[in-house]
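A.B. asks: There's a structure below that I have some questions on.
The values are calculated or read from the model by the stated rules, or taken from the named source; none is laboratory data. Everything quoted here is computed from the prediction, not taken from an experiment. Note that each Cβ is placed from the backbone with ideal geometry, even for glycine, and that neighbours are counted across all protein chains shown. In case anyone asks, the SASA skips ligands and DNA or RNA and just uses the protein heavy atoms, side chains included. Shrake-Rupley method; radii C 1.70, N 1.55, O 1.52, S 1.80 Å.
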Amino acid sequence: MPEFNLNESKCNSCGTCSSLCPTGSIQMNQYPHQSADSSCISCGHCEAGCEGGAMQINNPNLEPPLTNISSKISPEELGAYMRNRRSIRNYKNKLVSPDTIKEVMDIVRYAPTGMNSQPVKWVILENPSKVKELSSICMDWMKKEVESNSPLSQYVPMESLITVWNTGIDPILRGAPHVFIATASDSSATVDGIIALSHLELALPAFGLGACWAGYLKMAATGYEKVNEFLNLKDDSFIGALMVGYPESKYFRIPKRNKVDIRFLD
Ligand SMILES: Cc1cc2nc3c(=O)[nH]c(=O)nc-3n(C[C@H](O)[C@H](O)[C@H](O)COP(=O)(O)O)c2cc1C
Ligand code: SF4
Ligand code: SF4
């Protein structure tokens, strides 16, 4: 099957599609055509970059975005938005609606992936009691680590976390109503999963939502099979996770950070 269809009546032979193609899959004669050794990754750059709309990718699995409006954000607006992202550790007792989750994830699925492989699959805990159960499994793991005096228990403040847990506060998933877990069947997809999680974390504040990276959960998933069993991951690997919910706390200013460390090579 050809990887793209061309409407010749709309094509002015400008060659833009060919110049944008990352895999050299488009050659120009009078019109663009698929190269003999095409290795198209369905990235859609040829279709998106054709001003006249002459080019169409031929892949029935692809789905267009929910909205297709382009708006320009100034560097100041973007900088303010990104710098105001904070890790949220106190959440309102309010669920995120399935429609909002759908809208957010429609943005997140546009995160870049190596070779446009789009390998990330999501497990989303919809229910706060499920989140609590998951924290409890992580706690069981921490208790075992402390009991065995493991190297990790000397590096991570597990004893303090257990003490906090015993007071009725969840220091693992912070009482978040939801947890979003990036997984993949391909264990080499870690970078793609982390990028997708970063996109998720950045998209959420636009919906009034906040998130925090669930590092302790990631540690438990790496060291304790019961986490993966609880999530029913089977052969998929746990890449990373974010706690997600409506922020309870407010921030009134942007905290300081280290100066950026850059070395320019001329
Ligand atoms: C981990 C990773 C490695 C990548 N390496 C390359 C690369 O070596 N060369 C390249 O042209 N694009 C590279 N890309 C870009 C992807 O091909 C691109 O994200 C994908 O085709 C989707 O296109 P988009 O970013 O325009 O949405 C890489 C992306 C990721 C996430
Ligand atoms: S970018 Fe569009 S108009 Fe230009 S050569 Fe490709 S298909 Fe034709
Ligand atoms: S979808 Fe991407 S890789 Fe495939 S032909 Fe178009 S530009 Fe090239």
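A.B. asks: Across the range 26-43, which residue is farthest from residue 3 (Cα to Cα) among those that are open to solvent by less than 50 Å² (accessible area, probe 1.4 Å) and within 9 Å of ligand 2 (Cβ to nearest atom)?
C.D. replies: The residue in question is 32.
A.B. asks: Which of the residues belonging to the range 12-35 are more than 16 Å from ligand 1 (Cβ to nearest atom), in a loop (DSSP other than H, G, I, E, B) and within 25 Å of residue 118 (Cα to Cα)? Walk me through how you get there before you give the answer.
C.D. replies: So in the range 12-35, the residues more than 16 Å from ligand 1 (Cβ to nearest atom) come out as 12-15, 27-35.
This time we only want the ones that are in a loop (DSSP other than H, G, I, E, B), so: 12-15, 29-31, 35.
Hit for the range 12-35 is 35, nothing else.
A.B. asks: In a helix (DSSP H, G or I), more than 16 Å from ligand 1 (Cβ to nearest atom), of a type outside the set (Lys, Arg) and open to solvent by 70 Å² or more (accessible area, probe 1.4 Å): is that true of residue 51 in this structure?
C.D. replies: no
A.B. asks: Here are the criteria: (1) within 13 Å of ligand 2 (Cβ to nearest atom); (2) in a loop (DSSP other than H, G, I, E, B); (3) surrounded by 15 or more Cβ atoms within 10 Å (Cβ to Cβ). Tell me which single one residue 46 does not satisfy.
C.D. replies: For residue 46, the exception is condition (2).
A.B. asks: Which residue out of 64, 60 is closer than 27 Å to residue 20 by Cα and within 16 Å of ligand 1 (Cβ to nearest atom)?
C.D. replies: 64
A.B. asks: Then there is this: Can you find, within the range 8-25, the residue that is farthest from ligand 2 (Cβ to nearest atom) among those that are farther than 12 Å from residue 44 by Cα and open to solvent by 60 Å² or more (accessible area, probe 1.4 Å)?
C.D. replies: 9
A.B. asks: Could you check how many residues of the range 171-196 are hydrophobic (A, V, I, L, M, F, W, C) and over 16 Å from the mean Cα position of the chain (by Cα)?
C.D. replies: Going through the range 171-196 one residue at a time, the tally reaches 3.
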